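One structure is given here, and the rest of the page talks about it.
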Amino acid sequence: MIVVTGIGWVNHKEYGCIIEKDKKSHEGFNSLHSCFKNESIFLYPVKNFGRFDMISRTTCFCAALALKDAGISYSNDHKHAHKRDMGIMGTNEEGCLESNINYYKDYIDSGRILARGNLFVYTLPSTPLAEAAIHFGLSGPLLHMSFKENKLSSLLGFAKRSIIEKEATAMLAVNAEESDAISFVLENKDDISNKRSLTLENVIFAAEKSSFDEMISALSDLK
Amino acid sequence: MIKVVSVAADMVTSYGWGTDVCWEGLFSGKTAIRPIERFPTHNLQTGNAATVPGLTMKPDESLVMQMLRPLLDKSSIEIPYDTFIILATTNGDIEFVQRFVLDEENNPEKSLPDCLLDKIMLLTGTFGKGMVVSSACASSSIAVSRAASLIRNKVYDCILVIGCDCVSEFVTAGFSSLMALDPDVAKPFDKNRQGLSLGEAAGYMLLMSEERAAKGNTAVMGEVAGWGLTNDANHITGPSRDGSGLYQAIYTALKSAGIAENKIGSISAHGTGTVYNDSMEMKAIRSVFAENTLPVYSVKGGIGHTLGAAGLLEIIISFKSLDKKITPPTVNLFDIDEEAEGWVFPYPQTFESSYTLSTNSGFGGVNSALILKI
């Protein structure tokens, strides 16, 4: 059985972990990177964080919180040793539209002489997931999806099937927007011994609320 | 286990309309990479790309739709009403972003792949269920793997995968900034390769469960037998130098198909023509297949790197190659890189096996490996 072992979330004023039942205020996304470093939510600094687009930032924030909630540690040793057999799948409303506009405006403003590679790399909706995969050492499947309906339940369904198909032993499912983001760690119940977990069905039911705040509230009420 | 079969497929590439036209173009050994006439290129790293003849910037129809509409209109098979659609693209209708930035009169949200998916649903007349997959240059091969997974898990039994991307100033300027383009034409696995050539294309593949295909007496092209997807988790634009991520993807695909590596008869490589990609791929292939050399080829010297469409086109060509038991030549291969010697050839190679492997890799370190069977 596939279960949810960690849920991390962040919005413009708060962040939290659902299973740990932890919630804190923050002073804005600009200060959150150093705040996460100080609180060891980022176990080591995120490389090139300053050039990340906003969705890459919120993706990394909520992924770190979800991994912490699931009790999964990581280190930068993965570059030289074993990476984690975990995949990452994501969805969001507008893909990388904002980054597309920023990159192309910058190119036009330069007189069409030279585009900036640092902006171009964020013109793929999968790039924020790739930034998270690099930082957390996630070596499983990586893909961005957008759905016509039932966005979060569809995403979680794909993450579940990915584990069932043995594409990876665990999956991180991310819904990251510029203003808020949530991430779920999915694992096989047989692999987690006594770790606390939530059933996927209950999480899907709670996650399909109309607003982000209602969803966090419904998820926080799960036992 | 439920078998996933392909029952119809077609494509438009810079060689022209149809899979056979692409196949014959590759076998001619001549490249379909040509001078770009769509936008000024004097400040870019190259003036060449594999553009589809006859496509022009129009106010009423995007470049991608100019490929998809005729392609789907003349589809050899009726697309069933209950078909789930998976669209694979990196940038879709990107010219709407270009127009928004240039004149601010357009709605940039028209560039969202979801809008393109809506147009495709209208075009196909299906029941309105679908999704978009984007995973850099492995988008459409990963989309095929998602379709196969949905069918294997009995979520749907009929799925249309569509892959498409166009050549735009937006993307060409971006790849120029990364110095990833060959100033002349892409030369996959050649000692003197300097980068990729961008290309544009669209393709589709209708996948069904074997049971559904049999019920409808639908002819089967071949089977998606297994797949493996991995991430290098190493660098945002460059591949892992040692090929370990792709090696793992191939290994997982073999396991998923339930076969040993000696069953594979040929390999359709990603083969972009960049120094690092081609070297990484040969390291991964050599690690899996060791001394058992088998024909490896890349189509990108002919049709360029078609980004979100690339994987799907290569799967379609792979099925054709399996059917004919011959691989296309690797176009623009003049002086074979040492790492590829004995594996990649500028002329066709015959093989006996019923299995082939198709690999793709992309930005963010994504890797996909699909095992196809006929």
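List of remarks:
Let's see how each residue does on (1) at pLDDT below 95; (2) crowded, with 23+ Cβ neighbours inside 10 Å; (3) not aromatic (Phe, Trp, Tyr):
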| site | (1), (2), (3) |
| --- | --- |
| B:GLN66 | no, no, yes |
| B:ASP82 | no, no, yes |
| B:PHE127 | yes, no, no |
| B:VAL133 | no, yes, yes |
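- For segment B:316-352, a residue qualifies if it is closer than 21 Å to B:ARG286 by Cα and in contact with a Leu (Cβ under 8 Å, 6 or more places away or on another chain), and the qualifying residues are B:SER318, B:PRO328, B:PRO329, B:TRP343, B:VAL344, B:PHE345, B:PRO346, B:PHE351.
- Selection from segment A:1-56 of residues that are small (Gly, Ala, Ser), within 25 Å of B:ASN234 (Cα to Cα) and outside any loop (DSSP other than H, G, I, E, B): A:GLY6, A:GLY8, A:SER34, A:GLY50, A:SER56
- Residues of segment B:318-350 that are open to solvent by 40 Å² or more (accessible area, probe 1.4 Å), in a helix (DSSP H, G or I) and of a type in the set (Phe, Trp, Tyr): none at all.
- Lone qualifier among B:VAL12, B:VAL52, B:VAL101, B:VAL21 - being of a type outside the set (Gly, Ala, Ser), touching a Lys or Arg at 6+ places or on another chain (Cβ under 9 Å) and either closer than 23 Å to B:SER141 by Cα or at pLDDT 95 or above (or both): B:VAL101
- If you go through segment B:147-179 and keep only what is at the interface with another protein chain (Cβ under 7 Å from one of its Cβ atoms) and not in a loop (DSSP other than H, G, I, E, B), you end up with B:SER149, B:PHE170, B:ALA173, B:GLY174, B:SER176, B:SER177.
- Hey, B:GLU109 outside any helix (DSSP H, G or I) and either in contact with a helix residue (DSSP H, G or I) (Cβ under 9 Å, 6 or more places away or on another chain) or hydrophobic (A, V, I, L, M, F, W, C) (or both) or not: no
- Condition check for B:ALA138: facing another protein chain (nearest Cβ under 10 Å) and over 26 Å from B:LYS58 (Cα atoms): yes
- One residue from B:VAL101, B:VAL21 being within 14 Å of chain A (Cβ to nearest Cβ), out of contact with any Leu (no Cβ under 7 Å at 6 or more places or on another chain) and of a type outside the set (D, E, K, R): B:VAL101
- Qualifying residue in segment A:35-58 (condition: more than 11 Å from chain B (Cβ to nearest Cβ), open to solvent by less than 10 Å² (accessible area, probe 1.4 Å), in contact (Cβ under 8 Å) with a residue 40 or more places away in the chain and under 26 Å from B:PRO108 (Cβ atoms)): yes
- Of the residues making up segment B:205-227, at least one is within 12 Å of chain A (Cβ to nearest Cβ) and in a strand (DSSP E or B).
- Residue in segment B:235-243 that is of a type in the set (Asp, Glu), over 24 Å from B:CYS22 (Cα atoms) and open to solvent by 60 Å² or more (accessible area, probe 1.4 Å) present: yes
- Matching residues, segment B:281-305, being surrounded by 24 or more Cβ atoms within 10 Å (Cβ to Cβ), in contact with a helix residue (DSSP H, G or I) (Cβ under 8 Å, 6 or more places away or on another chain) and more than 15 Å from B:SER358 (Cα to Cα): B:GLY302, B:ILE303
- Which numbered condition A:SER183 fails, given (1) over 29 Å from A:ASN30 (Cβ atoms); (2) touching a residue at least 60 places away in the same chain (Cβ under 8 Å); (3) open to solvent by less than 10 Å² (accessible area, probe 1.4 Å); (4) not in a loop (DSSP other than H, G, I, E, B): (1)
- Residue match in segment B:8-31 (condition: β-branched (Val, Ile, Thr) and part of a strand (DSSP E or B)): yes
- Residue, least open to solvent (accessible area, probe 1.4 Å), within segment A:159-180, restricted to residues that are in contact with a helix residue (DSSP H, G or I) (Cβ under 7 Å, 6 or more places away or on another chain) and basic (Lys, Arg): A:ARG161
- The helices (runs of 4 or more DSSP H) located wholly in segment A:66-180 that include 2 or more residues which are without any contact (Cβ under 8 Å) to a residue 40 or more places away in the chain and within 7 Å of another protein chain (Cβ to nearest Cβ) occupy A:97-109, A:117-120.
- A:ASN175 falls short on exactly one of the conditions (1) farther than 22 Å from B:THR252 by Cβ; (2) at pLDDT below 95, and that condition is (2).
- Which listed residue is open to solvent by less than 50 Å² (accessible area, probe 1.4 Å), more than 30 Å from B:PHE319 (Cα to Cα) and out of contact with any strand residue (DSSP E or B) (no Cβ under 8 Å at 6 or more places or on another chain), from B:GLU104, B:GLU61: B:GLU61
- Considering B:ALA249, B:ALA233, B:ALA213, the condition of being out of contact with any helix residue (DSSP H, G or I) (no Cβ under 9 Å at 6 or more places or on another chain) and in contact (Cβ under 8 Å) with a residue 24 or more places away in the chain is satisfied by B:ALA213 alone.
The values are calculated or read from the model by the stated rules, or taken from the named source; none is laboratory data. Just so it is clear, the structure is predicted and the values come from calculations on it, not from any experiment. Every residue, glycine as well, gets a Cβ built from its backbone with ideal geometry; the counts of neighbours run over all protein chains shown. These accessible areas exclude ligands, DNA and RNA; they are computed on the full protein's heavy atoms, side chains included. Shrake-Rupley method; radii C 1.70, N 1.55, O 1.52, S 1.80 Å.
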